[in-house]
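A.B. asks: Take a look at the following structure, please.
The values are calculated or read from the model by the stated rules, or taken from the named source; none is laboratory data. Values in this document were obtained by computation on a predicted structure and should not be read as measured data. Using ideal geometry, Cβ is built from the backbone for each residue, glycine included, and neighbour counts are taken over all protein chains shown. The accessibility values were calculated without ligands, DNA or RNA, using every heavy atom of the protein model including side chains. Shrake-Rupley method; radii C 1.70, N 1.55, O 1.52, S 1.80 Å.
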Amino acid sequence: VTDANMCHMTKMISVSEYGSPTIKIKTVEPSKCNEATGNVLLSVTGGTKPYTYIWSDSIEVADELNRLHLYAGSYNLQVVDSKNCNSIMSIQVPLIPLRQPKLALVSYDDTLKHNIVVWQKENTDDIDQYYIYREIDSLGNYDKIDSLSYSEISVYVDETAQHKKQAYRYEISAMNSCMESPVSKEFKTINLQRKVQDDGARDFSKLALEMYNEK
């Protein structure tokens, strides 16, 4: 079931004949993105042996109940016993989710004259790129402002932020061709302004000092 926001939920439902074999799931191991690494281990009891196993991906053999090296997706199994009584089960092989990335630092670089976002890059081949999000209002709404390839250094320079006017909150997420991870914990920059007094002496006053973990 998928709603208008593309959120979805899958429920496995067995539809079987009375007195037919009973299918039970022992183990379902998830699969990596675009790789056949998922496994399904099942058991069948009841009915009258021998059984025939018919899978939705067109594999029909008398002794292949368990399935190895599967891509993520839905697989339907039909078990038919010697009296032609049958049971049906839908098995969902899920994707291994991407872990939530962690921001290490959000700050202003005095050399670059821009905000910078720094994060901890996982040692993995599951991530293709990172999405960088920046807040757009005080209601907690964010826009994706850019993306950065996993192969690049994990530092993003935000050249569009008006850092002299306000501080910004940032979040990032990890992405591959199958999914996007949960966004990271938000971090916020510090906004400072320099004031020059009439006598020419420089008074550095702090106009805003807002950290994410401020209580």
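A.B. asks: Can we say Ser31 is more than 27 Å from Asp126 (Cα to Cα) and of a type in the set (S, T, N, Q)? Can you show your working first?
C.D. replies: Numbers: more than 27 Å from Asp126 (Cα to Cα): no; of a type in the set (S, T, N, Q): yes.
Criteria not met by Ser31.
A.B. asks: Collect the residues in the stretch 39-51 that are surrounded by fewer than 16 Cβ atoms within 10 Å (Cβ to Cβ) and among the polar types (S, T, N, Q), keeping them in residue-number order.
C.D. replies: If the condition is that a residue be surrounded by fewer than 16 Cβ atoms within 10 Å (Cβ to Cβ) and among the polar types (S, T, N, Q), then Ser43, Thr45, Thr48 are the ones that fit.
A.B. asks: Here's another thing I want to ask about it. Would you mind telling me which numbered condition in (1) under 30 Å from Glu135 (Cβ atoms); (2) touching a residue at least 12 places away in the same chain (Cβ under 8 Å) Gln78 fails?
C.D. replies: Every condition holds for Gln78 apart from (1).
A.B. asks: Still on this structure: If you go through the stretch 76-113, how many residues are closer than 14 Å to Tyr156 by Cα and acidic (Asp, Glu)?
C.D. replies: 1
A.B. asks: Let me ask another. Among (1) under 20 Å from Asn176 (Cα atoms); (2) surrounded by 11 or more Cβ atoms within 10 Å (Cβ to Cβ), which single condition is Lys113 missing?
C.D. replies: Unmet for Lys113, out of (1) under 20 Å from Asn176 (Cα atoms); (2) surrounded by 11 or more Cβ atoms within 10 Å (Cβ to Cβ): (1).
A.B. asks: Can you tell me how many residues in the stretch 1-28 are closer than 29 Å to Pro97 by Cα and either in contact (Cβ under 8 Å) with a residue 12 or more places away in the chain or hydroxyl-bearing (Ser, Thr, Tyr) (or both)?
C.D. replies: Narrowing the stretch 1-28 to residues closer than 29 Å to Pro97 by Cα: 1-14, 23-28.
Subset that is either in contact (Cβ under 8 Å) with a residue 12 or more places away in the chain or hydroxyl-bearing (Ser, Thr, Tyr) (or both): 2, 10, 12-14, 23-28.
Adding up the residues that qualify gives 11.
A.B. asks: Here's a follow-up. Got a number for residues in the stretch 163-188 being of a type in the set (Asp, Glu) and either farther than 17 Å from Ser107 by Cβ or assigned to a strand (DSSP E or B) (or both)? Step through it out loud before you land on a result.
C.D. replies: First pass over the stretch 163-188, keeping only residues of a type in the set (Asp, Glu): 171, 180, 186.
Now drop any that are not either farther than 17 Å from Ser107 by Cβ or assigned to a strand (DSSP E or B) (or both), which leaves 171, 180.
Going through the stretch 163-188 one residue at a time, the tally reaches 2.
A.B. asks: Right, something else. When the residues of the stretch 60-74 are filtered to those that are in a loop (DSSP other than H, G, I, E, B) and open to solvent by 50 Å² or more (accessible area, probe 1.4 Å), which remaining residue is farthest from Ile88 (Cα to Cα)?
C.D. replies: From the stretch 60-74, those in a loop (DSSP other than H, G, I, E, B) are 62-66, 71-72; that's our starting set.
Of the ones still in play, those that are also open to solvent by 50 Å² or more (accessible area, probe 1.4 Å) are 62-64, 66, 71.
Details: Ala62: 16, Asp63: 17, Glu64: 15, Asn66: 15, Tyr71: 20 Å.
Here the answer is Tyr71.
A.B. asks: For the stretch 140-162, enumerate the residues that are buried (at least 18 other Cβ atoms within 10 Å of the Cβ) and in a loop (DSSP other than H, G, I, E, B).
C.D. replies: Ala161
A.B. asks: Identify, from the list Tyr108, Tyr130, the residue that is crowded, with 16+ Cβ neighbours inside 10 Å, part of a strand (DSSP E or B), without any contact (Cβ under 8 Å) to a residue 60 or more places away in the chain and among the aromatic types (Phe, Trp, Tyr).
C.D. replies: Numbers: Tyr108 fails: without any contact (Cβ under 8 Å) to a residue 60 or more places away in the chain.
Answer to the check: Tyr130.
A.B. asks: Can I ask one more? For the structure I just gave you, tell me whether Gln120 is in contact with a strand residue (DSSP E or B) (Cβ under 6 Å, 6 or more places away or on another chain), open to solvent by 80 Å² or more (accessible area, probe 1.4 Å) and in contact (Cβ under 8 Å) with a residue 24 or more places away in the chain. Full working, then the answer.
C.D. replies: Values: in contact with a strand residue (DSSP E or B) (Cβ under 6 Å, 6 or more places away or on another chain): yes; open to solvent by 80 Å² or more (accessible area, probe 1.4 Å): yes; in contact (Cβ under 8 Å) with a residue 24 or more places away in the chain: yes.
Yes; evaluated as a whole, the condition is true for this residue.
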